[in-house]
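The values are calculated or read from the model by the stated rules, or taken from the named source; none is laboratory data. Computed from a prediction, not measured in an experiment: that's the story for all the values here. Glycine gets a Cβ as well: all are built from the backbone with ideal geometry, and neighbour counts include every protein chain shown. These accessible areas exclude ligands, DNA and RNA; they are computed on the full protein's heavy atoms, side chains included. Shrake-Rupley method; radii C 1.70, N 1.55, O 1.52, S 1.80 Å.
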Amino acid sequence: MTKTNLMAELEQLVSEARNPKTMQIDLMSSAEIVAAMNREDTRVSEAVNKVLPQVAATVDKIVEAFRAGGRLIYMGAGTSGRLGVLDASECPPTFGVPEGMVVGLIAGGDRALRHPIEGAEDSRDEGWRDLERDRSYRQRRRCRHRR
Amino acid sequence: MKEIGLTDKDVVVGIAVSGRTPYVIGGLDYAKKVGAVTAALSCNPDSAIARMADIAISPVVGPEALTGSTRLKSGTAQKLVLNMLTTASMIRIGKSYENLMVDLSVSNEKLVARAHRILVDATGCSADSAEQFLKAANNNVKLAILMALTGMTAADGQTALNNADGFLRRAAAQHQPRVAS
């Protein structure tokens, strides 16, 4: 994707838009900044409230998977990846489940938990590869694709 | 963490605030190819990953207080959803009794103390007997509770739990219906 395309794409995103209520955040005192952030935070649980049906539907699928011996796998890059790893790593102590029942994958691997890894999130191949069975399987797939 | 050998029994949840992260798109692509259930967690409506996954979870929290710093509201929303996914699914497979974490692993001092308290809360037994039950159950809190509630031995309790798919209420109910009503 070209830089111009990417910039145009990001411009469309709500999460990248400027917030009119915090345009003067650089002039605020500490108390004002944290109050402004706290006001914004009240929107979070409202937003999550609206997607509860989808969250519950996902829970149902995860329960089905667990009952069949399957796993829950989170994948993300940067903060999103870290949050997945965090949630996955809390499951063994909290619920006594084996490591590997809930897996967190982060673009760039474990090192990316502490250090930003340039470009890690930009590779579709890496996302594909992180879920793949083994190299021989990958090669077989490639052969199939070539045919 | 590489090459985890995804199968069609697994569920893959792709997480990306923007909903366009290539790493996540690649992963979901592979998951679909394998036949795994896919979900997409993003904070923009109708994002690329939301469109490709079986289930789209898109909490839209609006523009951040610091423009584009998505570790703020977006990150919080993601954390809330992830909390729900694991907590709810673990409860649904029998990891809690009432609202107590009865399968926690007793791996440090704080958790040993918590295990004691859970046992006392669940059964009303004394701190001393809690300690004995935990010891007899080899620190398996769920088993210790079942033993305290029903008087079963560790071996019988384990069998009862296995027969009840690990659900403590069910295992206790079979023995002593009033306890689990």
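Scoring residue A:81 on the criteria (1) open to solvent by 10 Å² or more (accessible area, probe 1.4 Å); (2) in a helix (DSSP H, G or I) leaves a single failure, condition (1).
The set of residues from region A:79-93 being more than 7 Å from every other protein chain (Cβ to nearest Cβ) and out of contact with any Gly (no Cβ under 9 Å at 6 or more places or on another chain) comprises just one member, A:90. Figure legend. Inter-residue proximity from region A:62-86: first residues closer than 15 Å to residue B:86 by Cβ, second residues part of a helix (DSSP H, G or I) and open to solvent by 50 Å² or more (accessible area, probe 1.4 Å), beta-carbon distance below 7 Å, spacing 6+ or different chains. Indicated pairs: A:63/B:92; A:83/B:79; A:85/A:113.
Any idea which residue in region A:1-23 is least open to solvent (accessible area, probe 1.4 Å), counting only those that are of a type in the set (Val, Ile, Thr) and part of a helix (DSSP H, G or I)? Write out each step before concluding.
Residues of region A:1-23 of a type in the set (Val, Ile, Thr): A:2, A:4, A:14, A:22.
The next check asks that each one be part of a helix (DSSP H, G or I); those that pass are A:4, A:14, A:22.
Details: A:4: 104, A:14: 44, A:22: 10 Å².
Among those residues, the one meeting the criterion is A:22.
So if I check each of B:104, B:100, which one is aliphatic (A, V, I, L, M), farther than 18 Å from residue A:9 by Cα and facing chain A (nearest Cβ under 7 Å)? Can you show your working first?
Working: B:100 fails: facing chain A (nearest Cβ under 7 Å).
On inspection, the qualifying residue turns out to be B:104.
Is one or more of the residues making up region A:33-44 closer than 30 Å to residue B:10 by Cα, in a helix (DSSP H, G or I) and modelled with pLDDT of 95 or more? Yes, region A:33-44 contains a residue that is closer than 30 Å to residue B:10 by Cα, in a helix (DSSP H, G or I) and modelled with pLDDT of 95 or more. At the interface with another protein chain (Cβ under 8 Å from one of its Cβ atoms), assigned to a helix (DSSP H, G or I) and either at pLDDT 95 or above or buried (at least 22 other Cβ atoms within 10 Å of the Cβ) (or both) - does that describe any residue in region A:94-103? Taking every residue of region A:94-103 in turn, at least one turns out to be at the interface with another protein chain (Cβ under 8 Å from one of its Cβ atoms), assigned to a helix (DSSP H, G or I) and either at pLDDT 95 or above or buried (at least 22 other Cβ atoms within 10 Å of the Cβ) (or both).
For region B:73-97, a residue qualifies if it is more than 7 Å from chain A (Cβ to nearest Cβ) and either open to solvent by less than 10 Å² (accessible area, probe 1.4 Å) or of a type in the set (A, V, I, L, M) (or both), and the qualifying residues are B:91, B:94, B:97.
Residue-wise test of (1) more than 7 Å from every other protein chain (Cβ to nearest Cβ); (2) open to solvent by less than 10 Å² (accessible area, probe 1.4 Å); (3) farther than 30 Å from residue A:22 by Cα.
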| site | (1), (2), (3) |
| --- | --- |
| B:5 | no, no, yes |
| B:8 | yes, no, yes |
| B:41 | yes, yes, no |
| B:61 | no, yes, no |
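Figure legend. Inter-residue proximity from region B:13-24: first residues facing chain A (nearest Cβ under 7 Å), second residues in a loop (DSSP other than H, G, I, E, B) and of a type in the set (D, E, K, R), beta-carbon distance below 9 Å, spacing 6+ or different chains. Indicated pairs: B:17/B:71.
Pairs meeting the criteria (first residue in region A:24-51 and open to solvent by less than 90 Å² (accessible area, probe 1.4 Å), second residue small (Gly, Ala, Ser) and not in a helix (DSSP H, G or I), beta carbons under 7 Å, at least 6 apart or on different chains) are A:25/B:65; A:36/B:65; A:37/B:65; A:40/B:65; A:51/B:58. Residue A:69 passes every criterion in (1) open to solvent by 30 Å² or more (accessible area, probe 1.4 Å); (2) more than 7 Å from chain B (Cβ to nearest Cβ); (3) not in a helix (DSSP H, G or I) apart from (2).
Would you mind listing the strands (runs of 3 or more DSSP E) fully within region B:1-119 where at least 3 residues are at pLDDT 95 or above and within 17 Å of residue A:49 (Cα to Cα)?
The qualifying strands (runs of 3 or more DSSP E) are B:55-57.
The residue pairs whose first member lies in region B:63-74 and is closer than 16 Å to residue A:24 by Cα, whose second member is open to solvent by less than 30 Å² (accessible area, probe 1.4 Å) and of a type in the set (Lys, Arg), and whose beta carbons are closer than 9 Å, counting only pairs six or more residues apart or on different chains, are B:63/B:73; B:64/B:73; B:65/B:73.
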